[in-house]
Amino acid sequence: MSQQLQSTFTVSRVLAAPPSRVFRAFSDFEEKQEWFSGPADWVQTKATLDFRPGGLEVNIGGPDEANQSEFYGHYYDIVQDERIVYTYEMHYAGVKLSVSLATFEFEPEGDGTRLTLTEHGVFLDGNEDPSLREEGTRMMFDGLAEYIEKVPA
């Protein structure tokens, strides 16, 4: 019998830009490609972004052909500069790791934005440790913060 592990986590961070700027980093394809990527040895194989309710996002890549990560996201709710809700599947080397529901919230805080992600994931067949997903999300927030500081407008 297959096993599953469910996990919920929240990551929050204040970014040095208004909500409209941070939101654009998610909604604009070229901008998202600048910060939503893998480690230094990562080679992007496929990337698409149809940023609308009902739209699909695909990101596939990795260090080599045998070790490809695959992200398939389906957008359900988008409120300009306030909220993004989507589900996504993660695969690695042809194995489905997880299915998640993710909600990003963009709230003004001083001159910046409090970005909060709440994610509920179902991790399939012991193929991934949920704590690694949370760690990876924190690293993604670091990359986003660096990008926002480097490209403020």
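Results, tabulated for the structure shown:
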read-out: Residue within the range 29-36 that is in a loop (DSSP other than H, G, I, E, B), in contact (Cβ under 8 Å) with a residue 12 or more places away in the chain and more than 17 Å from the chain's Cα centre (by Cα) present; value: no
read-out: Condition broken by residue 64, with the remaining ones in (1) under 18 Å from residue 144 (Cα atoms); (2) at pLDDT below 95 satisfied; value: (1)
read-out: Spans of strands (runs of 3 or more DSSP E) in the range 76-147 with at least 2 residues touching a strand residue (DSSP E or B) at 6+ places or on another chain (Cβ under 9 Å) and free of Cβ contacts under 8 Å to residues at least 24 places away in the same chain; value: 83-92, 95-109
read-out: Whichever residue in the range 50-65 is over 21 Å from residue 136 (Cα atoms) and exposed (fewer than 14 other Cβ atoms within 10 Å of the Cβ) and, among such residues, is farthest from the chain's Cα centre (by Cα); value: 65
read-out: Residue 45 being of a type in the set (Val, Ile, Thr) and modelled with pLDDT under 95; value: yes
read-out: Residues satisfying the stated conditions in the range 112-126, i.e. surrounded by fewer than 16 Cβ atoms within 10 Å (Cβ to Cβ) and modelled with pLDDT under 95; value: 125, 126
read-out: Failed item in (1) at pLDDT below 95; (2) surrounded by 16 or more Cβ atoms within 10 Å (Cβ to Cβ), with residue 85 passing the rest; value: (1)
read-out: Candidates 101, 56 - the one that is closer than 23 Å to residue 30 by Cβ and not basic (Lys, Arg); value: 56
read-out: Single condition residue 28 does not satisfy, out of (1) closer than 19 Å to residue 132 by Cα; (2) in contact with a strand residue (DSSP E or B) (Cβ under 9 Å, 6 or more places away or on another chain); value: (1)
read-out: Qualifying positions in the range 45-72 - of a type outside the set (A, V, I, L, M), assigned to a strand (DSSP E or B) and touching a Ser or Thr at 6+ places or on another chain (Cβ under 7 Å); value: 57, 61, 62
read-out: Sole residue being buried (at least 16 other Cβ atoms within 10 Å of the Cβ) and more than 15 Å from the chain's Cα centre (by Cα), chosen from 40, 47, 17, 102; value: 17
read-out: Check on residue 69, at pLDDT below 95, of a type in the set (S, T, N, Q) and under 14 Å from the mean Cα position of the chain (by Cα); value: yes
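The values are calculated or read from the model by the stated rules, or taken from the named source; none is laboratory data. A quick note: this is a predicted structure, and the numbers were derived from the prediction, not measured. Reconstructed Cβ throughout: ideal geometry from the backbone, glycine too, with neighbour counts over all protein chains shown.
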